[in-house]
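Bear in mind that the values in this text are calculations on the coordinates, not laboratory data. Since the structure is predicted, the reported quantities are computational estimates derived from the model, not experimental observations. Cβ placement follows ideal geometry from the backbone for every residue including glycine, while neighbour counts extend to all protein chains displayed.
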Amino acid sequence: MLRRKDQFGSIIEEFRNGVDDFIQVAKRDPKYADVTGHIPCPCGKCRNRYWDISFNVEKNLYDHGFMDGFTNWTLHGEERWTNGAYVVQDRAKGSKNPYHDMVMNAFHARSNLEVQEVEEDPNPLAKKFFNLLKNADEPLWDGCKKHTRLSVVTQLLNLKSEFNMSVSCYDRMIAIIKSMLPELERLPENLYILKRMLSELGLGYEKIDACPNHCMLYYKENSDKNVCLVCKESRFKPKTTTKNKDVPYLVLRYFPIIPRLQRLFMIVNTSKYMQWHADGVRQHESMMTHPANAEAWKKFNTAHPKFALDPQNVRLGLCTDGFNPFSNSSSPYSCWRIFLTPYNLPPSMCMKREYIFLTLMVPGPKSLGKSLDVYLQPLIDELKILWYIGINTFDAWKK
């Protein structure tokens, strides 16, 4: 590694000239700079993982030097090494400045380990999901071009829900449909098998009992309690006979967000947009066209610079509102829904219904009042896991 500082701690002029040459090339060539003018920072701290404006990249290079392992430029124009030989396609011809070569090498290359990470296979969880999805998405019968098993069962399940169809009615309808299909059809024969097939895709929900007065959840350390610790209200309705099961007064339905956020990265068509908030093109720079342009977003980045460095980190917006499920203004019955929206996506996507995640469903009949925080506990727990620990997932776009 060539030195960047002299014995007095000052930046060597040749190194400075090499950095200047590198910045000019990186900004000029669209292969190296994105549409916003950001370029990967190859300093020893960022290691080409983070993109920034050229001024900050230059400062980082002076402060930290260059990442180790400047070996093979496969990601930026150089062919893979073969039997110890390699071909350089983009290096400046006739350059006599060793620092220029070193700087270009730093920007063009990553270590062999990093190259392998870019092209790695899905992790076990993602691989399991892809296999399940492949099996579920096979044709309804050999030669069928209009329907897959997954498309049919989701439509049938939606039909059952929309018309409040009983289980016996649904199973009878399936039996009739199966009798009309070819012999090698793959339609699940009843509702139980259908639900089991969909549950394996990992988008279920959790039931958590709650106090009817919205005082507490029977959750975690309180999951075995039968009486509210605040108002002393019973958890379960009175039984008419001893054989009846315990029926809670109120049940919260919680839809975990981690599996759904992982799906955004597992699907190519969405994973490539999960960095739009940082790299996307704004049509009007003077107008706020995305939450990323807002002062609140910028203030958050200032408060949490480590989180802001990686544009793949997910930004979420939360909203809630009550509604009357019976569409009757005279009825006091009130349900509450809590939604999350990933703001990484461009405006044309993040406000579409498929990217607005229903996270919590709080049933009535009483309104929540000021007790919304009680029901946010499972969501907050998941957000803490994501914030403090993180989740390993597979990016289908970057591999």
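Structure note, pairs 352/399; 146/207; 178/272; 207/232; 128/160: Cα-Cα distances above 30 angstrom occur for 146/207; 178/272.
Can you work out D for region 155-234 in µm² s⁻¹ from Stokes-Einstein, where Rh is the Kirkwood radius over C-alpha pairs, the temperature is 37 °C and the viscosity is 0.692 mPa s? Please list the in-between numbers first.
Values: Rh = 16.0 Å.
Approximately 205 µm²/s, per Stokes-Einstein.
Each label point was placed 7 Å from the Cα along the Cα-to-Cβ direction; for residue 267 and residue 213 their separation is 4.4 nm.
Say R0 is 51 Å: what FRET efficiency, to the nearest 0.05, do residue 333 and residue 59 get from their beta-carbon distance? Kindly include the intermediate steps, with their values, before the conclusion.
Details: r = 60 Å, r/R0 = 1.17.
Rounded to the nearest 0.05, the efficiency is 0.30.
What full-extension length gain, to one decimal in nm, is calculated for residue 158 and residue 286 as 0.36 nm per residue of separation minus the Cα-Cα distance? Intermediate results must be reported in sequence, preceding the final value.
Details: separation 128, 0.36 × 128 = 46.08 nm, distance 4.40 nm.
Length difference between fully extended and current span is 41.7 nm.
Would region 253-299 count as rounded, prolate or oblate if I go by the C-alpha gyration tensor, calling it rounded below 1.5 in a/c and otherwise prolate when a/b exceeds b/c, oblate otherwise? Verdict is oblate for region 253-299. Applying 0.36 nm per residue to the separation of residue 225 and residue 16 and subtracting their alpha-carbon distance, the gain on full extension is 68.5 nm.
Using 1/(1 + (r/R0)^6) with R0 = 30 angstrom and r between the beta carbons of residue 125 and residue 301, what's the FRET efficiency to the nearest 0.05? Please report the intermediate quantities before stating the final value.
Numbers: r = 30 Å, r/R0 = 0.99.
After rounding, the FRET efficiency stands at 0.50.
Region 158-173 and region 334-377 have Cα centres spaced 27 Å apart.
What do you get for Rg/Rh of region 239-386 when both radii come from the Cα atoms and Rh is the Kirkwood radius? Don't jump to the answer; show the numbers that get you there.
On the way: Rg = 19.3 Å, Rh = 18.0 Å.
Rg/Rh: 1.07.
Hydrodynamic estimate: the Kirkwood radius of region 290-349 over Cα pairs, inserted into Stokes-Einstein at 20 °C and 1.002 mPa s, corresponds to D of 150 µm²/s.
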